[in-house]
Amino acid sequence: MARLKRFPFIVMGFVLLIAVWQIAAIIGGHQAALFPPPLKVGEALVSIIVDGSIFTHIQISLFRFFTGYVTAVFVAVLLGLVLGRLPVVWQVLDPVVQVLRPVSPIAWSPFIVLWFGIGNMPAIVIIFIAAFFPVLLSTVSAVKKVDKTYLRIAANFEMSQVETLWKIVLPASFPMVANGLHMALGAAWIFLVAGEMVGAQSGLGFLIVDARNSLSLDLVMACIVVIGGLGLILDKGIHYFETWVNRIWGGTQ
Amino acid sequence: MAGSLVSIDGVSKTYGEHGPLVLNNVSFNIAKGEVISILGKSGCGKSTLLNCIGGFEAMNEGQVLLDGKPITKPSKRCVMLMQNYGLLPWRSVRKNVELGLESAGLPKQEAEERVTHYLQMVGLTDRATSLPSELSGGMQQRVAIARALAIQPEVILMDEPFGALDTFTRYYLQDELMQIQQREKMTIILVTHDIDEALYLSDRIFIMKPNPGEIHKEVSLKLAKPRDRSDSDFQHYRELIFNEFQFTQEKATIEFNI
Ligand SMILES: Nc1ncnc2c1ncn2[C@@H]1O[C@H](COP(=O)(O)OP(=O)(O)O)[C@@H](O)[C@H]1O
Ligand SMILES: [Mg+2]
């Protein structure tokens with residue numbers, strides 16, 4: 001119901017955006033090649049859809065994205081679960097993380113290319129870095145906030161450390177971790193394009209560089225539309241996941 | 001004392017090195033199958049004492065013996081029921097009751113049967129697949145009771161288990177607990193500030209006084225169970241305990257309150 005009510009507003013927003021864009025293109029009097037109007041972009045979009053090339057790029061981009069993101073989530077959640085339970089160790093590592101975290105993953109690209117070569121790896125590693133820190137930090141703080149009652153139950157039922165992590169700490173901290181996953185997804189998606197500009201020969205980021213080199217700015221813009229659209233779909237997907245988590249976990253706390 | 005299941009032997013406790021004395025030389029024994037209540041005002045150290053018995057808190061002096069062996073850490077032999085029920089909200093009722101059995105090395109079928117048995121005992125068979133958040137407070141506490149029973153511990157520790165419930169639910173659960181205890185003969189140590197609850201359930205009541213927490217008086221109840229709350233003997237004990245309670249109050253606070 002709420003979605004249906006919002007639908008006209010969503011449509012209106014996009015209509016407005018395209019109208020402003022079109023007007024700017026007309027009033028600005030730029031060459032269509034430098035500032036492509038909506039229609040030209042639409043044509044470019046249709047052409048790459050029709051010849052199917054966009055799907056190959058989307059496919060490889062999504063492959064890199066999920067490889068980097070899922071690996072980051074696994075490593076960061078595991079590390080976060082353990083570090084959250086070792087406050088002293090975390091006190092030592094926290095400053096280091098705070099220094100590394102604000103560094104844009106792109107800043108590492110010279111090293112990444114040297115260490116991992118070109119191809120899929122630079123994009124994957126950059127996405128990994130982008131997703132890693134938000135997930136790690138939200139997991140550590142979630143673990144620290146786990147209700148002491150649950151830990152008492154784990155002790156009372158003589159659970160091993162591993163069992164306690166798996167059966168108590170992970171699920172208890174899951175809503176906050178899920179929130180971290182959501183934030184990390186957005187952050188990582190932003191770095192997909194930049195990652196693919198570093199030594200990739202395919203993917204949406206490469207397509208943008210390639211189109212720019214041949215001065216097809218309508219194609220650049222079409223790519224931007226695709227990236228935005230996919231980002232929106234991913235965000236919605238994880239949003240539903242988060243809502244589901246909160247429905248199951250919420251209530252009694 | 002020979003033949004006692006739990007011996008609390010000269011337990012003293014402070015929080016932190018220089019904190020005030022919360023428990024001072026508390027000693028008593030509990031026999032197998034006995035229900036005892038620790039009754040006292042809020043802040044007198046009841047929870048602390050229960051935590052020491054369960055192995056959740058270390059004590060400064062003294063020891064707690066279970067079957068003659070000192071308790072040093074929490075164990076399945078001595079299960080604590082939390083005041084806020086302590087159910088895991090992401091697990092169904094059934095999975096909550098199963099929690100303590102998962103690492104017990106029980107054959108799967110036996111574990112399932114036990115869960116079913118104890119769910120039935122607390123009357124929640126039809127809610128087995130519900131999440132805790134879908135249950136009332138009284139039902140949640142029954143799940144917690146089933147979860148504790150399923151492990152078949154030697155001692156069950158209860159910290160104001162019915163404190164957050166309305167009067168009717170509380171009476172109902174007290175009744176249920178009493179019947180289960182009569183049947184299963186578990187040993188129960190119950191912490192409460194509710195005189196009627198202590199009178200209804202216990203074989204012996206220990207009245208605690210605060211600052212520092214000490215056992216002020218032990219009252220043995222020679223009343224058959226199930227008890228009638230309106231019975232004249234019941235009233236007699238209530239009066240007796242109420243009077244004892246007056247002694248545990250510091251004079252100044254009473255006058256101040258009036
Ligand atoms: N974890 C703790 N750290 C410091 N002081 C505590 C802690 N737990 C309880 N106390 C203090 O010990 C005293 C007894 O508390 P408690 O055992 O909870 O009493 P009761 O359960 O009878 O209300 C109180 O003065 C309380 O402030
Ligand atoms: Mg208490």
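The values are calculated or read from the model by the stated rules, or taken from the named source; none is laboratory data. Everything numeric in this text was worked out from a predicted model, so none of it was measured. Here the Cβ is made from the backbone with ideal geometry for all residues, glycine too, and neighbour counts use every protein chain on show. Note: areas computed on protein heavy atoms with side chains; ligands, DNA, RNA excluded. Shrake-Rupley method; radii C 1.70, N 1.55, O 1.52, S 1.80 Å.
Side notes on the structure shown:
- Qualifying residue in segment B:9-22 (condition: touching a strand residue (DSSP E or B) at 6+ places or on another chain (Cβ under 7 Å), under 30 Å from B:GLN179 (Cβ atoms) and assigned to a strand (DSSP E or B)): no
- Failed condition for B:PHE162, given (1) over 28 Å from B:GLY3 (Cα atoms); (2) surrounded by fewer than 20 Cβ atoms within 10 Å (Cβ to Cβ): (2)
- Of all the listed residues (B:VAL11, B:VAL6, B:VAL26, B:VAL79), the sole one being more than 14 Å from every other protein chain (Cβ to nearest Cβ) and under 15 Å from the mean Cα position of the chain (by Cα) is B:VAL6.
- Hits in segment B:111-137 - residues which are within 14 Å of chain A (Cβ to nearest Cβ), within 18 Å of B:ASP175 (Cβ to Cβ) and not in a helix (DSSP H, G or I): B:SER136
- Filter result for the condition that a residue is under 18 Å from B:ARG238 (Cα atoms), in contact with a Leu (Cβ under 8 Å, 6 or more places away or on another chain), away from ligand 2 (no atom under 16 Å from the Cβ) and not hydrophobic (A, V, I, L, M, F, W, C), over B:ASP196, B:ASP203: B:ASP203
- Search result, residues across segment A:62-92 that are surrounded by fewer than 15 Cβ atoms within 10 Å (Cβ to Cβ) and farther than 27 Å from A:GLY229 by Cα: A:LEU78, A:LEU86, A:PRO87, A:VAL88, A:VAL89, A:GLN91, A:VAL92
- If you filter segment B:139-162 down to residues that are under 18 Å from B:GLY54 (Cα atoms) and assigned to a loop (DSSP other than H, G, I, E, B), you find that the one that is farthest from ligand 1 (Cβ to nearest atom) is B:GLN152.
- Filter result (farther than 16 Å from B:GLU218 by Cα and open to solvent by 50 Å² or more (accessible area, probe 1.4 Å)) within segment B:24-46: B:LYS32, B:SER42, B:GLY43
- Checked against the criteria, B:GLU34 does not count as touching a Lys or Arg at 6+ places or on another chain (Cβ under 8 Å), within 15 Å of ligand 1 (Cβ to nearest atom) and among the charged types (D, E, K, R).
- Checklist (1) at positive phi; (2) surrounded by fewer than 16 Cβ atoms within 10 Å (Cβ to Cβ); (3) within 16 Å of ligand 2 (Cβ to nearest atom) applied to B:TYR85, failing item: (2)
- Here A:ILE153, A:ILE168, A:ILE190, A:ILE208 are screened, and the one residue that is surrounded by fewer than 19 Cβ atoms within 10 Å (Cβ to Cβ) and out of contact with any Pro (no Cβ under 7 Å at 6 or more places or on another chain) is A:ILE190.
- Lone qualifier among B:LEU135, B:LEU157, B:LEU199 - being in contact with a strand residue (DSSP E or B) (Cβ under 6 Å, 6 or more places away or on another chain), in contact (Cβ under 8 Å) with a residue 40 or more places away in the chain and open to solvent by less than 30 Å² (accessible area, probe 1.4 Å): B:LEU157
- Within segment B:23-38, considering residues that are assigned to a strand (DSSP E or B) and of a type outside the set (A, V, I, L, M), the one farthest from ligand 2 (Cβ to nearest atom): B:ASN29
- Segment B:35-60 residues that are within 14 Å of chain A (Cβ to nearest Cβ), paired with ones that are in a loop (DSSP other than H, G, I, E, B) and within 12 Å of ligand 1 (Cβ to nearest atom) (beta carbon under 6 Å, 6 or more apart): B:ASN51/B:GLU57
- Among the residues of segment B:47-69, those that are in a loop (DSSP other than H, G, I, E, B) and buried (at least 16 other Cβ atoms within 10 Å of the Cβ) comprise B:GLY55, B:PHE56, B:GLU57, B:MET59.
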